1. Stretch Leu140-Asp92 to full length: gain in nm at 0.36 nm per residue minus the Cα-Cα span?
2. Between Leu42 and Ser70, what is the spin-label point distance in nm, taking each point 7 Å from the Cα along the Cα→C-beta axis?
3. Take the solvent-accessible surface of the protein heavy atoms, probe 1.4 Å, and return the percent of it on region 40-148 that carbon and sulfur atoms account for.
4. In region 40-148, what % of DSSP beta bridges are antiparallel (nearest 5)?
5. How big, in percent, is the set of alpha carbon pairs in region 40-148 lying more than 26 Å apart?
6. How high is the relative contact order of region 40-148, given as a whole-number percent (alpha carbon pairs under 8 Å, six or more residues apart)?
7. Could you give the dipole magnitude of region 40-148 about its Cα centre, charging the beta-carbon of Lys and Arg +1 and that of Asp and Glu -1, in debye to the nearest 20?
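The values are calculated or read from the model by the stated rules, or taken from the named source; none is laboratory data. Just so it is clear, the structure is predicted and the values come from calculations on it, not from any experiment. Here the Cβ is made from the backbone with ideal geometry for all residues, glycine too, and neighbour counts use every protein chain on show. Protein only, heavy atoms only, side chains kept; ligands, DNA and RNA dropped before computing areas. Shrake-Rupley method; radii C 1.70, N 1.55, O 1.52, S 1.80 Å.
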Amino acid sequence: MKKKLLVAGIICSFWLAGCSNDIEEKTAMDSQTAQSSANLELLDQPFEEISRQEWETIHLTQEDFNLFLSEIAVEDAKGTKKVAGIKKDSDDIIITLDNSDGESLDNLMAAPFIDTEVRTAYLHSAYYEGQQPKIIVKDLSGVVLSEASEALEPVGP
């Protein structure tokens, strides 16, 4: 009887030691993932074509997220520029839309889409620590088109 208890105790101790190694390996992998980006190639496709499953595999370092923001402000293939500039403060991201052609309804319509795109990338970046950023979208004249600390919800019938 004592031998059976001793053998069972040894087996349990090996099993528990193996479990603690798995936890240590998972923690090491999580910290490594926070320091490196994953699946950046998925961001090369149009934003609306990235599936939820693909977003679950995307992780951006702080540098890659900042690069993502700067690429939003680049001219598109037609030579038009929708975003004049993006500035990231501590918990705020200020996006200035290019309305150099005058007051435009396009800017008002673009604000929620740009907010969603930036917020989604932020949530999958090293910046995200459980708190969503305040995203302020304004035009060149300083008019605030949207300001939200949480994801915008679609309005419809």
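1. Result for the pair: 15.5 nm of gain on full extension.
2. 2.4 nm
3. 49 percent
4. Around 55 percent of the beta bridges assigned by DSSP in region 40-148 are antiparallel ones.
5. 16 percent
6. So the answer I get is 26 percent.
7. Roughly 240 debye for region 40-148.
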